[in-house]
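Only the coordinates and a few stated rules stand behind these numbers; no lab work does. Only a predicted model underlies this, so the values are computations on that prediction, with no experimental measurement involved. Here the Cβ is made from the backbone with ideal geometry for all residues, glycine too, and neighbour counts use every protein chain on show.
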Amino acid sequence: MTDDTKLKMFTPAWFSALLKGELQTGETFWAGNYGTALFHQPLVALLVVLPIPRLIPALVWAILTLYQLALTSAVIRSKPGVPTPMGWKIAGIVITLAHGALFASLARSILSS
C-alpha cells in the first residue's frame, strides 16, 4: 500500500490491511491495540454487568484473544514508517501478545468460576 492510497480507519479494507501487516508498524500497533479498544472495551464493560449467561462475555474475550494473536502476526510483518530501533518493534510484539494472554485468561477465569 502506498502513502497516496491511505485507507479510512476502522473500515473493512483497513482491518484487512491491518491484519495482513500492510500498514506501518506504528499504526498497526497503536490503532490495532488501542484504537480498536475504543469499541470493544465498552462492549466488554457492558457484558460483565448485564444479567446474561457467562458464556457470552467469555466468547467475546476468546474472539479478542484470536484478534490479538492475528494482530501480533501483523505487527511482526509490518514495516516501520520511520527509522525505528528494533527494540521498539520487539516491545510492540510483546505487549500485543500480553494483551492476548490477558483476554485468554479473562475468558478462562469467567468460565471456571
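Of all residues in region 92-113, those being over 15 Å from the mean Cα position of the chain (by Cα) and surrounded by 12 or more Cβ atoms within 10 Å (Cβ to Cβ) number 6.
Determine if region 2-14 includes at least one residue that is surrounded by 13 or more Cβ atoms within 10 Å (Cβ to Cβ), under 24 Å from residue 101 (Cβ atoms) and free of Cβ contacts under 8 Å to residues at least 12 places away in the same chain. No: zero hits.
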